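> Sharing a structure with you now.
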Amino acid sequence: MKALDRVSFDLRKGEVHALVGENGAGKSTLMKILSGVYQADEGTIRYKGNVVSFRDVTESHKAGIGIIYQELNLIPHLSVAANIFIGREPLTQFGALDEKKMNADAAAVLSRLNIRLDPTIILNRLPVSKQQMVEIAKALSLDSEVLIMDEPTSALSEAEIDELFTIIHALRDHGVAIIYISHRLDELKHIVDRISIFRDGHSVSTDDYAAINMDEIVNRMVGRKLENQFPPKVNVPTKEKLLEVRNIVRRGILHDISFDLYRGEILGIAGLMGAGRSELGRAIFGADLIDGGEVAMNGRKLSLKSPSDAIEAGIAYLSENRKEEGLAVKMQLAENITMANVQEISQRFGVLSRNREMEVAQQYVKDLVIKTPSLSQVVNNLSGGNQQKTVVAKWLFCDSKILIFDEPTRGIDVGAKFAIYELMGALARDGRGIIMISSDLPEILGLTDRLVVLHEGSLVATLTTAETTQEEILTYAAGIATAEKGDARMSNQKPTQTRE
Amino acid sequence: MTQLTIKPVKEVSPKTEKTSGRFGSALLNNFEKFLPYVVLIVLIIVFSITATNFFTLRNILSLMLQTSTVTLMGIGVTFAIITGGIDLSIGSLVALTGTVAVMVAIAGVPIWLSWIIGMLTGAFCGLLNGLMVTRLKLPPFIATLGMMLVARGVALTITNAAAYPAPEGFGNLGNGTIFGTGPKFPGIPYPVIIMVAVAFLFHFILSKTRAGRYTYAVGSNEEAARLSGIKISQVKNIAYIISGLLAGLVGIILASRMVTSQPNSASGYELNAIAAAVIGGTSLMGGVGTVGGTVIGSFIIGTLTVGLTMSGANYYVQQIVIGLVVIGAVTFDQFRGRK
């Protein structure tokens, strides 16, 4: 199979050119060819009129092509300036590092981008969003004329995204050509001049962004009509309290948070990056210790000293970092599915039954439609969507009653997202409670029954999904408005049945 | 548990998975798995040709006897390495535990009990290693480096650096044999029997039990394991206890073979044991490794040592060759990781 098959693509000076397509469409491969990581087997690249072929990243850098990968390529223990100038540090006449010049140059680059940041600060003291700004500064300090950005907003909050877009606009106005790769189609309208759509290693089309609508983009990406991004609602929330969270405090991170989750309900947790959404999920799961407050399930108070307590009670947490915290990627699919409940496949003296394990895995592969060549496939080789389903299978095997999904569709392509949404609906329909943490507001609006909004560690609003809008959520999330103080008032609230 | 049934979603994007190259990588995976075995067989064939007495029953038995110590230590340290750690203390623990066993035997403790005390000393030191890693949060390298120095120092202190002769009967464990038929076939040495039994037992524990599964899970992804409810500290403690326990077993075997307390013995053995694990495919990054691989790795080292000696190569050349094998094996490990 060819990763790219006779693909054509052109980029103009001073434009922002979006490149979209599902995972495996060939976007990243093309970017790697443009930046010299891979070489094309056939075909040519013309850059400023000349045919070029970059043998490695250094050559493409020299030519003025900068690339910012989805995963940051920075060194956490070095300063901002050191990161920007790594590999080409200015030297004094004695051959020592010229820190002064380096810091001054870095400050100049940063101010050119309107980024307010001390160049001497150590990188790992900064939030991810600021680190990303450093990455951009680094690419620009190479005098890049072409800048490739791969999913630059995946780790950013709304406010930070605006900041990034301002920078992108400024760059475009300075004549930099930008290739912008993103899964978040809704954000393209703010910045994109032209859009190219890839599918299965082919370039499907290139259009002026103004001349194409969102439905058409999605259709071309998936190659079929996708009427609705979200499945029809199947769960019916009950009035039976499944989880009661009361006055949870984690010093400096979570402030006096209370809310309820009802059986059969999907509850959203919205908020900006750093508002404490994941931290709240982790606190309920016992992954981070809390300083105060309590959590009760079915009216019984839970001890939340470690994840194993929560798991025993029937709570599952699906981390936003699937590969780092959700899966043992070097281990097999079947082994990952049974990981949180190995007792269930153990016989006497802790001896494992491989047959039973395979039966269990087979059942979940079938039920959840996990696409894998075999049950003993190493999880690393599965696609993002199938990895996510593997994590879900792991928790279903523990018979979890409450599943906390933290950014469940991050890095998953459109088609697989739909399957995850359906799965969450079905889980709630079966009487489980779902907590969905997401920075994708359309996703929260499309799936949840109610939602709570966090702002800087406090719960600022509890909303009924059917009665709210993206704008309203954002005003709460940004701290512009407060609906409540996160106190016991919550318990009077009833879940509202939403939608048809 | 409740079964969740989901109807297939109108065939959602069937092309998201790449299917190319899977067969090729499967082949390579298996090649990786079998490479150590192939190397060992090739070595045995080569030495059988270059050294006339190499492939004789007597020599093979002596090779197995010599290799048993590093093999047993290697099996123990494999557990520590799979959790993502390391155990540098096992060489010193061999000396300490052997010394302790001899000293308590001299003090009048029954010999069988002195052996158990020796092994428990190893397990206890392993527990201390584990606690330093899990409670004090020390890097395993540092914790076990410290234990390496302390254990050696204690062994030298309690013996005043002298070799004490062990009482009558202490030597049976290391020097006895079974199934002997007189001078033609002296029998299989006890340490070899012990090695085989331990290898099977710990292979079983690592590959077929919950404890083994948790060992891999912790080494493969500690955070994922923790969030799956696995008690990380417990798993690590057990790994270091196993490492210490087997070092203790080697300690009493060696002391028994020499029938004396040898506070200076087994110096540097920990590195051979780690080398055996690595040659056998254990990844120092954790999460990967098998008991079988370590046994083979240990026999590759043992065969090289004996074979090269019998082929006339001197000790220094052996060091060079074994060093190159370790480098080669780790290079291979790196390529595996890169895929």
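Listed here are the residues, each with its yes/no results for (1) outside the structural domain of A:ASP150 (by TED's automatic domain parsing); (2) in contact (Cβ under 8 Å) with a residue 40 or more places away in the chain; (3) at positive phi.
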site	(1), (2), (3)
A:ASN381	yes, no, no
A:ASN386	yes, no, no
A:LYS389	yes, no, no
A:GLU407	yes, yes, yes
A:ARG432	yes, yes, no
A:GLY446	yes, yes, no
A:LEU451	yes, yes, no
A:LEU454	yes, yes, no
A:GLY457	yes, yes, yes
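> Check the range A:252-260 and report whether any residue there is of a type in the set (Gly, Ala, Ser), touching a strand residue (DSSP E or B) at 6+ places or on another chain (Cβ under 9 Å) and assigned by TED's automatic domain parsing to the domain that holds A:ALA428.
If we filter the range A:252-260 for residues that are of a type in the set (Gly, Ala, Ser), which is where we start, we get A:252, A:258.
If we keep only those that are touching a strand residue (DSSP E or B) at 6+ places or on another chain (Cβ under 9 Å) as well, we get A:258.
When the remaining residues are screened for being assigned by TED's automatic domain parsing to the domain that holds A:ALA428, the result is A:258.
Yes, there is a match, as at least one residue in the range A:252-260 is of a type in the set (Gly, Ala, Ser), touching a strand residue (DSSP E or B) at 6+ places or on another chain (Cβ under 9 Å) and assigned by TED's automatic domain parsing to the domain that holds A:ALA428.
> Determine if the range A:244-265 includes at least one residue that is surrounded by fewer than 19 Cβ atoms within 10 Å (Cβ to Cβ), more than 24 Å from the chain's Cα centre (by Cα), within 13 Å of another protein chain (Cβ to nearest Cβ) and not charged (D, E, K, R).
no
> On to the next question. Residues A:GLN343, A:GLN363: which one is at the interface with another protein chain (Cβ under 8 Å from one of its Cβ atoms), more than 22 Å from A:ASP406 (Cβ to Cβ), in a helix (DSSP H, G or I) and more than 29 Å from the chain's Cα centre (by Cα)?
Details: A:GLN363 fails: more than 29 Å from the chain's Cα centre (by Cα).
Exactly one of A:GLN343, A:GLN363 is at the interface with another protein chain (Cβ under 8 Å from one of its Cβ atoms), more than 22 Å from A:ASP406 (Cβ to Cβ), in a helix (DSSP H, G or I) and more than 29 Å from the chain's Cα centre (by Cα), namely A:GLN343.
> Contact list please: Cβ distance under 9 Å, first residue in the range A:359-370 and assigned by TED's automatic domain parsing to the domain that holds A:SER383, second residue assigned to a helix (DSSP H, G or I) and surrounded by fewer than 17 Cβ atoms within 10 Å (Cβ to Cβ), pairs at least six apart or on different chains.
Matching pairs, first to second residue: A:VAL360/A:GLU344.
> Quick check on the range A:313-328: of everything there that is within 16 Å of B:ALA217 (Cα to Cα) and buried (at least 20 other Cβ atoms within 10 Å of the Cβ), which residue is farthest from the other protein chains (Cβ to nearest Cβ)? Quick ask: steps written out before the conclusion?
Step one: filter the range A:313-328 for residues within 16 Å of B:ALA217 (Cα to Cα), giving A:322-328.
From what's left, buried (at least 20 other Cβ atoms within 10 Å of the Cβ): A:322, A:325-328.
On the way: A:ARG322: 9, A:GLU325: 5, A:GLY326: 6, A:LEU327: 6, A:ALA328: 4 Å.
Step by step, filter the range A:313-328, then rank; the result is A:ARG322.
> Return the residue satisfying two criteria in turn: it lies in the range B:191-222 and is hydroxyl-bearing (Ser, Thr, Tyr) and touching a residue at least 60 places away in the same chain (Cβ under 8 Å), and of such residues it is nearest to the other protein chains (Cβ to nearest Cβ).
Of all residues in the range B:191-222, those hydroxyl-bearing (Ser, Thr, Tyr) come to B:207, B:209, B:214-216, B:220.
Adding the requirement that they be touching a residue at least 60 places away in the same chain (Cβ under 8 Å) leaves B:207, B:215-216, B:220.
Values: B:SER207: 9, B:THR215: 11, B:TYR216: 6, B:SER220: 4 Å.
Among residues in the range B:191-222 that are hydroxyl-bearing (Ser, Thr, Tyr) and touching a residue at least 60 places away in the same chain (Cβ under 8 Å), the one nearest to the other protein chains (Cβ to nearest Cβ) is B:SER220.
> The conditions are (1) at pLDDT 80 or above; (2) out of contact with any Lys or Arg (no Cβ under 6 Å at 6 or more places or on another chain); (3) of a type in the set (Gly, Ala, Ser), and A:ALA466 fails exactly one of them. Which is it?
Just one mismatch for A:ALA466, condition (2).
> Right, another one. Take the range A:59-90 and flag every residue that is under 24 Å from A:LEU34 (Cβ atoms) and without any contact (Cβ under 8 Å) to a residue 60 or more places away in the chain.
A:GLU59, A:SER60, A:LYS62, A:ALA63, A:GLU71, A:ASN83, A:ILE84, A:PHE85, A:ILE86, A:GLY87, A:ARG88, listed by residue number.
> Residue check: is B:LYS231 modelled with pLDDT under 95 and either of a type in the set (S, T, N, Q) or under 30 Å from A:GLN388 (Cα atoms) (or both)? Break it down stepwise before answering.
Numbers: modelled with pLDDT under 95: yes; either of a type in the set (S, T, N, Q) or under 30 Å from A:GLN388 (Cα atoms) (or both): yes.
Judged against the criteria, B:LYS231 is a match.
> Any idea which of A:HIS169, A:HIS183 is under 24 Å from the mean Cα position of the chain (by Cα) and without any contact (Cβ under 8 Å) to a residue 24 or more places away in the chain? Outline the logic, then answer.
Details: A:HIS183 fails: without any contact (Cβ under 8 Å) to a residue 24 or more places away in the chain.
Unique residue meeting the criteria: A:HIS169.
> Filter the range A:378-409 for residues that are in a loop (DSSP other than H, G, I, E, B) and more than 9 Å from every other protein chain (Cβ to nearest Cβ); which is modelled with the lowest pLDDT?
So in the range A:378-409, the residues in a loop (DSSP other than H, G, I, E, B) come out as A:382-383, A:398-401, A:407-409.
Narrowing the set further to residues that are more than 9 Å from every other protein chain (Cβ to nearest Cβ) leaves A:400-401, A:407-409.
Details: A:SER400: 91, A:LYS401: 93, A:GLU407: 90, A:PRO408: 88, A:THR409: 84.
Within the range A:378-409, the match that is modelled with the lowest pLDDT is A:THR409.
The values are calculated or read from the model by the stated rules, or taken from the named source; none is laboratory data. This is a predicted model, so every value here is computed, not measured. For neighbour counting, all protein chains shown are included, and Cβ atoms are generated from backbone atoms with ideal geometry for every residue, glycine included.
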